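S.K.: Handing you this structure, nothing more for now.
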Amino acid sequence: MQHREELHELLARAGLTVVEDVRPGRLFPPEAGWRIARGIAAPDGAAREALDAAWWRRLCDVDGEFLVAVLRHRVGGNDSWWTRVRYAGSGVPGLTGDPGYVALSLDGQVLLAEVPGADEARVTALDRLPERLEEAAAAVGRETEAERAEVWTAVPGRRALPLHWADGIGSNPAAPDDLLIRLLDVEEGFLHGCDRPAVLDAAVAHPDPQVRSRPADTFRPKLTSDQWVHLVRAESSPHRRVLWAERARIWGAELPEDLYDDLLAGPSRARAAELPGLPARHLPGLAADADPRVRAAACARWEDITAPLRERLLADTDNAVRTAALLAHHTDVAMPREVFAALPDPRRALEQCRLKPELEAELIQDGDAEVRRALAANPSLGAHGVAVLAKDPQNDVRSTVALRPDLSEEQRAAVRYDFDPTSMSHTLPWVADLHGDADAMRRLATSSHPLIRRSVAQARHLPPDVVERLARDEDRVVRLFLAESCDEAPADMLLEVWRWWDGSFSDPDRPRSHPNFPRTGLLRYAADPSGRMRRLALDDPESTPDDVARLARDPEAEVRRRAAEDPRLPPADAVRLLNDPATHVRGTAMRNPRLPARVLAGLLHDRDTACAAVTNPAIPVPVLHRILAAAAVAARR
């Protein structure tokens, strides 16, 4: 808000009356205006020494109104807005000089701009803007091989932006492994999305702990078990060594026995004692450890502990250890009322312990709904208790009962529960444990409960008859999960899901990237009323560069974006899409390898576009090495 107020004050001082702030919508965007004002892919004759009153009269409509954006006074976040203003004067508005501006006529035909330069301000004046930009795009798109080579010889130029390049170069798909390994000494942020084995090997062996930890400290690590082990061994902090070991196990990495030995011998022994997969030979020592935290952790492996050690833990002098032992002991042995009453916190006992029949009967009638809710999830709850809680007056208690694995589907269907089909769903652990059991999947795929069917649909592999049933499920989230997770998902269902789903954060490319997604016959959607379906036309192997060029002018931004990422995009269209009203279309066009070298080099040397432009795979590898060298020098300063 303060930014907007400062802008409006500046415009008032320039003799302009603010009318309103305007979203770009389908207008020529301010960002493209700034780029052209700096001379990148600008039409010939756009630059001038000064602007006279005649140009300003051509800019204004009959009411003296036009659109303006002022440098360093951005309005509207990433997709910056124009500000519509009115000028009642007869001369030149007081916009000249610092900080710089770009102005557009309301009909989009006239562009005026003044931006600071290395030596002096650059002034731009263009009429017939759309026509001139089309001509300029066509001209620059005819770039020859010799012209491209000459451009790249001069990169990086004196207007180098090494720190901006360092931020983006790691996302360039053409960057070779050796360059990315060198980049680790400059900027490691790209490791969040890196899946190259050689680069990850170098990262986990890097002397800088921040670099080593980056590929592990991400949403979905792509490290192998060996890389995880290397990371753990290289960590100097005992606490963080155990932390990385925990994360490694969460992501399914196998840790060698000697690594467990090392972790247990360190100062973070208590936390290491909680690691899953800990070899059973350590349990006697943990159960007899001097540290009560270690003894309590040993209780989590109750089934692997010998009877004498169990007795010792049940009689431990430390309350926390005795409680942990009691809870573990009573998962199999029914807990009497006196033991339950003595617990400092009965919650875990309600959720996981086997209870004496008389204690259970008393608790399922408890007036506290929290008690009944905890009992409803207890896997050891007796059949009578389940039947009573299935008719509980509290909906959340009944809803918990409805998801119990020990119910038959007939019993489950009889439970009255509320279910919000729009709520976020997670795979039920007990269903996930059965994913490899074909008979269980057949049974559960017919469940009346959507969450169970959704959990079945998240199996990697399913029998054909289960896939066929779930592909016709009335709950569209079931079909979505099948599209995201199941390798056998059918093509027609994947296409149906595509009509309304474009990918999630965890599975950003599904269903379109699914191996069974149809690839042929998609050209029939080139004229489909739905933009989502028109996007698919370019996936058809029969599509042509002419199809790409046609869809690059589609009225919907997402269709234009799909054309902008196509390697067959004509160079002139790649340049034209740099002026697209939609931010994501412009950003995609900057990464298209058909972008002419002269334009791409200009984007590389523009502060606003350098980070995106350096990801373009058309940049020759030797140029990428020179760019990295410049970034390395800047990083050392």
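The values are calculated or read from the model by the stated rules, or taken from the named source; none is laboratory data. Quantities reported herein were computed from a predicted structural model and do not represent experimental measurements. Cβ atoms come from the backbone with ideal geometry, glycine included; neighbour counts cover every protein chain shown. The accessibility values were calculated without ligands, DNA or RNA, using every heavy atom of the protein model including side chains. Shrake-Rupley method; radii C 1.70, N 1.55, O 1.52, S 1.80 Å.
S.K.: What's the angle, to the nearest 10 degrees (0 to 90), between helix 2-13's Cα axis and the longest principal axis of the chain?
M.R.: 10
S.K.: Towards the positive end of the charge dipole of the chain, with charges on Cβ (+1 Lys, Arg; -1 Asp, Glu), say which of HIS282, PRO393, GLY252 has the farthest Cα.
M.R.: The one lying farthest along the dipole's positive direction is GLY252.
S.K.: Each label point is 7 Å from the Cα along the Cα-to-Cβ direction; what then is the distance between the points at ASP433 and ARG476, in nm?
M.R.: Simple spin-label model gives 3.4 nm for this pair.
S.K.: Under a 1.4 angstrom probe, counting protein chains only, how are HIS3, HIS605 ranked by accessible area, largest first? Can you show the working numbers first?
M.R.: Details: HIS3 85, HIS605 25 Å².
Result of the area sort, largest leading: HIS3, HIS605.
S.K.: Quick check: convex hull of the Cα atoms in the stretch 192-275, volume per residue, rounded to a whole Å³? Display every interim value, and only then the final one.
M.R.: Values: hull volume 6.8 nm³, N = 84.
Spelled out: Cα convex hull of the stretch 192-275, divided by residues, is 81 Å³.
S.K.: Next question, about the same structure. Would you kindly find the accessible area of SER90, with a 1.4 Å probe and non-protein molecules such as ligands, DNA and RNA excluded, rounding to the nearest 10 Å²?
M.R.: Roll a 1.4 Å probe over it and SER90 shows about 100 Å².
S.K.: Moving to a separate point now. Can you give the direction-averaged projected area of the convex hull of the alpha-carbon atoms in the stretch 527-637, in nm²? Don't jump to the answer; show the numbers that get you there.
M.R.: On the way: hull surface 30.6 nm².
Here the figure is 7.6 nm², rounded to one decimal.
S.K.: In addition: Hey, how many Å between the Cα centroid of the stretch 102-157 and the Cα centroid of the stretch 575-619?
M.R.: Distance between centres, Cα-based: 13 Å.
S.K.: Just want to confirm a number: the relative contact order over the stretch 223-365, from Cα pairs under 8 angstrom separated by 6+ residues, in percent. Working shown, then result.
M.R.: Working: 147 pairs, mean separation 19.5, N = 143.
About 14 percent, as a whole number.
S.K.: Take ASP433, ASP566 and sort them by solvent-accessible surface of the protein heavy atoms, 1.4 Å probe, largest at the top.
M.R.: ASP433, ASP566
S.K.: Continuing with the same structure: With axes computed from alpha carbons, what is the tilt in degrees of helix 129-140 against the longest principal axis of the chain, rounded to the nearest 10 within 0 to 90?
M.R.: 80
S.K.: Give the ranking of ASP178, ASP318 by solvent-accessible surface, highest area first, calculated with a 1.4 Å probe.
M.R.: Numbers: ASP178 85, ASP318 45 Å².
Correct descending sequence by accessible area is ASP178, ASP318.
S.K.: Over the alpha carbons of the stretch 56-189, what is the largest minus smallest coordinate on each principal axis, giving the biggest first in Å?
M.R.: In descending order, the Cα extents are 60, 34, 29 Å.
S.K.: Let me ask something else about it. Starting from the eigenvalues of the Cα gyration tensor, five times each then square-rooted, give me the equivalent ellipsoid semi-axes of the stretch 445-497, largest first, whole Å.
M.R.: On the way: eigenvalues 42, 27, 18 Å².
The answer is 15, 12, 10 Å, longest axis first.
S.K.: Measure of size requested: the Rg and Dmax of the stretch 2-52, with Cα atoms as the atom set and Å as the unit; please supply both.
M.R.: 14.2, 38
S.K.: With an 8 Å Cα cut-off and a minimum separation of 6 or more residues, compute the relative contact order for the stretch 547-637 in percent. Mind dumping the intermediate values first?
M.R.: Values: 98 pairs, mean separation 18.2, N = 91.
The normalised contact order for the stretch 547-637 reaches 20 percent.
S.K.: Here's something else I'd like to know. Could you do me a favour and compute the accessible area per residue for the stretch 506-605, 1.4 Å probe, result in Å²? Don't skip to the end; give the middle numbers.
M.R.: Details: 3860 Å² over 100 residues.
In whole numbers, the stretch 506-605 has 39 Å² accessible per residue.
S.K.: Skipping prolines and chain starts, which residues have an amide H placed within reach, meaning under 5 Å, of the one on ASP21, given they are 5 or more residues away or on another chain?
M.R.: ARG84
S.K.: So what is the orientation-averaged projected area of the stretch 125-218, using the convex hull of its C-alpha atoms, in nm²?
M.R.: If I average the Cα hull's projected area over directions, I get 9.4 nm².
S.K.: Separate question: Set the Förster distance to 41 Å, then compute FRET efficiency between ALA414 and ARG519 from the Cβ-Cβ distance, nearest 0.05.
M.R.: On the way: r = 46 Å, r/R0 = 1.12.
Efficiency, from the Cβ-Cβ distance: 0.35.
S.K.: Shifting gears a bit: Apply the Karplus curve 6.51 cos²θ - 1.76 cosθ + 1.60, θ = phi - 60°, to the phi angles in the stretch 260-267 and return the couplings in whole Hz, x for Gly and Pro.
M.R.: 4, 4, 5, 5, 6, 7, x, x
S.K.: Let me ask you something else. So which GluC sites (Glu not before Pro) in the stretch 92-172 pass both tests, a DSSP loop state and at most 11 other Cβ atoms within 10 Å of the Cβ?
M.R.: Values: sites: GLU114, GLU120, GLU131, GLU134, GLU135, GLU143, GLU145, GLU147, GLU150; in loops: GLU120, GLU143.
Answer by residue number: GLU120.
S.K.: Oh, and also: For the stretch 594-637, give the percent of accessible area contributed by carbon and sulfur heavy atoms, probe 1.4 Å, rounded to a whole number. Show your work: numbers first, answer last.
M.R.: Values: 940 of 1690 Å².
Carbon and sulfur together cover 55 percent of it.
S.K.: Over the stretch 391-508, calculate the relative contact order: mean separation of alpha carbon pairs under 8 Å at least 6 apart, over the residue count, as a percent. Show your work: numbers first, answer last.
M.R.: On the way: 136 pairs, mean separation 21.4, N = 118.
Reported relative contact order: 18 percent.
S.K.: Let me ask something else. Taking every DSSP beta bridge with both residues inside the chain, roughly what % is antiparallel (nearest 5)? Please report the intermediate quantities before stating the final value.
M.R.: On the way: 25 of 26 bridges.
Looking only at bridges with both residues in the chain, the antiparallel portion is about 95 percent.
S.K.: With viscosity set to 0.890 mPa s and temperature to 25 °C, compute the Stokes-Einstein D of the chain, Rh being the Kirkwood radius across alpha carbon pairs; µm²/s, no decimals.
M.R.: Working: Rh = 30.2 Å.
The calculation lands on 81 µm²/s.
S.K.: In degrees between 0 and 90, to the nearest 10, how far off the longest principal axis of the chain does helix 319-329 point, with axes built from Cα atoms?
M.R.: 80
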